[in-house]
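Here's the structure we're looking at; comments come further down.
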Amino acid sequence: MTSEPQIVQFTPFSSLVQPSFWHSLTKLKIDVLKLSQDEVPVTASYAAGRSVTDRETGQDVALGCNLILGGDAFEKTAQVPPHSVKCVGTLKNYNTIEEFKDADKPALFNKLADEMWDEISSAKDASDVSEILNRFLLITFADLKKYRYYYWFAFPAFAAKPAWTLDPSGWQGVESTFTQEALSNIQSQITTSTNTPAFFVLLSNANDPSRFEIHPLSSLESLSDQDITVGFIDPSAHSDHPGWPLRNLLAFLASRFRTRFTTPGSQHLKVRVLCWRDTEAVPVSGKWKSRLGTVSLSQSQSTLSRPSAVGWEKNPQGKLAPRLADLAPMMDPARLADQAV
Amino acid sequence: MHALQRNYWAVRDYLSPVLKESKFKEHGRITPEEFVAAGDFLTYKFPVWTWEKGDASKARDYLPTEKQYLVTRGVPCLRRAASLAYTDADEDAERLLSFAEGSAASGAGDEWVETHTGRTSVRDSADNAGVIDDIPDLDGPSDSATNAMAKMSLASGGNAPAGGDTPDLDEIPDMEEELEEADEATAAPPKVPPKGTAAIDSESSRANLLQVRTYDVMITYDKFYQTPAIWLLGYDENGTPLRPPQIFEDVPADHAFKTVTIEPFMHSTSLQAALVHPCKHASVMKKIIERMNNSVIEDQRKSGTSSPKDKDSKKKWSLKRLASGTKDDKSAATGEEEEVEGIRVDYYLVVFLKFIASIVPTIEVDSTTSF
């Protein structure tokens, strides 16, 4: 059976903005930004994808692939929740709804994408690569009188042409490849590190091949080992679709480490990818949620120029349009008084 | 009127003394120190829970600055409370009444209550052996009751969903204006649908039936009632904060607007959240703790692994443990042993979550099922 190789599909990020973030934005707007429309750095985070078992049907329900913005997003020393990956983004707040609507979104998006691509393709040290690969853009208009916040996220991701394809074996559970012991060991390495690594390289221990060690992505430069697995904290819980961060990771690998992942004698890049989803308690049942798969890219074009990038978030109706957080019911004193009777 | 009441609560909270003496076995109340101890245990065992310091200006001085309240984020909520299906609702409702109001009401409930208050162990535990098995019993009555109430109630449970989910009218034109420009703006993204969004949305279960909401759940310490209090902040499946009527969809009708109300969150200057009012927590917790405690003693007698202890000695023991201040290490070390020695105050929040799970049955706050 020679079916078409399956294209790797990625679960896009969906933004989850905590109300406390809007409170912080309100404060920032009134006390600091005032009429300034300058870009402000914000910190968000994502954690490994979770699914929950529906008690009535017994099905596993995947939860959203969330990028979370909290109340401390504007603080320079923002703490991310445990086992979460920190992302730094750019916020641009507009003073009027008209300016928000007329904003030159392609320009903003391309500027960020260019920055990201520069850093990806430049010869700079790969140690802080997670900061580069997980950037995002957020434009907002805060209607402070009505407690309404219009916002639009963009998570730029570089589209590969032709697209990455998945090996016929597809995404598999990790138990088939790793022993329970090895998995627990990997998990403890991920969860005990002070900063959860967004991306990592998994290598088997030289002395004991059943043990695996986690190395930073930058170690790819010095490694000669052929059996390399590249892992990342996967915010998606969907069994067949890894999360958005993998897209830029693959773009990065294809750009920077092209030769390392090219199988000798062929024109294909082959990367074994571990989608790590088990940052919380060790599964009691021994059922791990992480997935493993091999993706490949046929090497047809050079990647000197920046590939096109995608990633504007869709609104709940599935359209490319801004979202609205209406906090009046939770903030407006008049509405609260009504509701409290 | 409500503001007045709220101010009264604030003053009362300010004036009421900090509980010093451990009362958790007698009254179901805990001291701030015990709250911290139980919170440490909870965060140790279940890392989804973390301590938060909250807004500095709202910090309570009887709690450590770094441990003002507990929070867990993204708690899933698959269904609305009104959609839960039960049988024998009426009978169970009676039990709930008695459960909530002490020993006031109906026959079935009275029996249930009295068995536990009156005597120590034997029959209780024989009927409901095992700590875990008790919990569904507690959930059951209140769930069913709520369903019964939801069916009868015309107002809160039934009407809210229809209004709640439709976006505001003035929201829509704005978005459509924006849409055209947006399409231009992101000429590349048409690639996105085949690569991701569309495929996933149609496959994922939320497109079919379930609207998976998520909740941020906070546990604070209520100084006046000397119990923990639960706060809820909800998001719909798109990450949009829920409005109060939507939150009340997840609260069974007999709790909404009564035990659960929207209040200013006590560790923030501006945030509003749904509060499960803690006025009855202590008495309920007392009952649950007694129940669990008794069955623990019974287990211990049956197994005969160690000598039975009476309540007093255990109380002293838990007090002593508290004073020593090493809960974390010990609870980590003695996984199995603690079962034998009865309910410790460290378990308070674990038990508390099970109780809360009965008030908001569709919100899966109780991640502690391995206990």
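What number does chain A give for Rg over Rh if you use C-alpha atoms and the Kirkwood radius? Write out the running numbers ahead of the final one.
Values: Rg = 21.4 Å, Rh = 21.6 Å.
Value, to two decimals: 0.99.
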Practice task
On a C-alpha basis, how far is the centre of the range A:27-91 from the centre of the range B:51-85 in Å? Whole number, if you could?
Solution key: 16
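Probe of 1.4 angstrom, ligands and nucleic acids ignored: what's the accessible area per residue over the range A:1-123, in square angstrom?
Heavy-atom SASA per residue in the range A:1-123 reads 47 Å².
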Problem - B:D216 - accessible surface, heavy atoms, 1.4 Å probe, Å² rounded to 10 - result: 10
Exercise for the section: Round to the nearest 10 and report in Å² the accessible area of B:R243, as given by a 1.4 Å probe over the protein chains' heavy atoms. Expected result: 50
Practice task
Over every pair of different alpha-carbon atoms in the range A:165-298, take the mean of 1/r and invert it; report that Kirkwood radius in Å.
Solution key: 15.3
Practice task
Restricting things to alpha carbons, find the Rg to Rh ratio for the range A:223-281 using the Kirkwood radius for Rh.
Solution key: 1.02
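As a test of the definition: with a 1.4 Å probe, what buried accessible area, both sides summed, do you compute for B against A, in Å² to the nearest 100?
Counting both chains, the buried surface is close to 5500 Å².
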Fill in the blank from the handout: Measure of exposure for A:E75: accessible area at 1.4 Å probe, Å² rounded to 10, is 100
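Among the trypsin sites (Lys or Arg not before Pro) within the range A:134-215, which fall in a DSSP loop and have no more than 16 other Cβ atoms within 10 Å of their own Cβ?
Qualifying residues, ordered by number: A:K145, A:K146, A:R211.
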Practice task
Select from the range B:213-258 all residues whose loss of accessible area on going from the chain by itself to the full protein assembly reaches 50 Å² or more (probe 1.4 Å).
Solution key: B:Y235, B:N238, B:P241, B:R243, B:P244
Fill in the blank from the handout: Distance in Å, no decimals, from the C-alpha centre of the range A:174-208 to the one of the range B:266-289 is 40
Completion exercise
Share (percent) of C-alpha pair distances in the range A:27-117 greater than 23 Å works out to 45
Completion exercise
Residue-normalised value, i.e. accessible area per residue, for the range A:165-298 at 1.4 Å probe, in Å², stands at 41
Exercise for the section: For the range A:310-328, state which residues have at least 40 Å² less accessible area in the presence of all protein chains than in their chain by itself, taking the probe as 1.4 Å and leaving out ligands, DNA and RNA. Expected result: A:V310, A:W312, A:K314, A:P316, A:K319, A:L320, A:P322, A:L324, A:D326
Fill in the blank from the handout: Sorting A:E115, B:E298, B:E66 on solvent-accessible surface, 1.4 Å probe, most exposed first, gives B:E66, A:E115, B:E298
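The values are calculated or read from the model by the stated rules, or taken from the named source; none is laboratory data. Bear in mind that the values here come from a model prediction, so they are computed numbers and not experimental data. Neighbour counts run over all protein chains shown; Cβ positions are idealised from the backbone, glycine included. For accessibility, only protein heavy atoms count, side chains too; no ligands or nucleic acids. Shrake-Rupley method; radii C 1.70, N 1.55, O 1.52, S 1.80 Å.
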